[in-house]
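Laboratory data are not the source of any read-out in this text; all were calculated from the coordinates shown. Since we're looking at a predicted model, the values are computed, not measured. Positions of Cβ are backbone-derived with ideal geometry, glycine not excepted, and every protein chain shown enters the neighbour counts.
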Amino acid sequence: MPRPEDALTQDLPGDGVPRDVAAVPGAAPGPAETWLRIVQVHDRITRRVDSALHREHGLSLTGYEALRRLAETPGERASMGEVAEALGLSRAGVTSTMTRLVAEGLVVRERTAGDRRLLHARLTPAGRARVEEARSTHDGLVAHLLALLGDDAAVVTDALARVSAAARTRR
């Protein structure tokens, strides 16, 4: 009677390594499993970081990311569309986030002289201070969680960057 492990060694070259990686259980996850892992990791890390930022700095993760993007732009200001694109938010999502940040005095909205229709968000001194205070919490927790990737971090980052770039193209 054939043993299950015999199925893995059929049609193998002399070194005993399967020619088809898909023949090894668990070696080549299918698209559904890969997608599930991506969603789970994103959800779990997002919730952990969001919770820590709320608890320690009174900021949501989205609010922190918006402040951080503004802090990293020239003049600490960007159009609402630029912020939405950087954060992967809809126009409505970025408007809601900015409304909360404006109410807290962390951001101001302003129009440009050249085009009064274009609305920009600018970081206030209080916003700059808040994002700097929260940076160590955010970066430390993210680094701690992603350290679990070990030596695979560069490979995973490269692979996800390729998928992200391909997904940006509009259909």
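Relative contact order, whole percent, for segment 56-137 stands at 34, derived from Cα pairs under 8 Å and 6 or more residues apart. Dividing the convex hull volume of the alpha carbon atoms of segment 56-137 by its residue count gives 87 Å³ per residue. Each of Val131, Val108 was scored by other Cβ atoms within 10 Å of its Cβ. Listed from fewest to most, they are Val108, Val131.
Ranked by the mean number of other Cβ atoms within 10 Å of their residues, highest first, the peptides 89-98, 150-159, 63-72 come out as 63-72, 89-98, 150-159.
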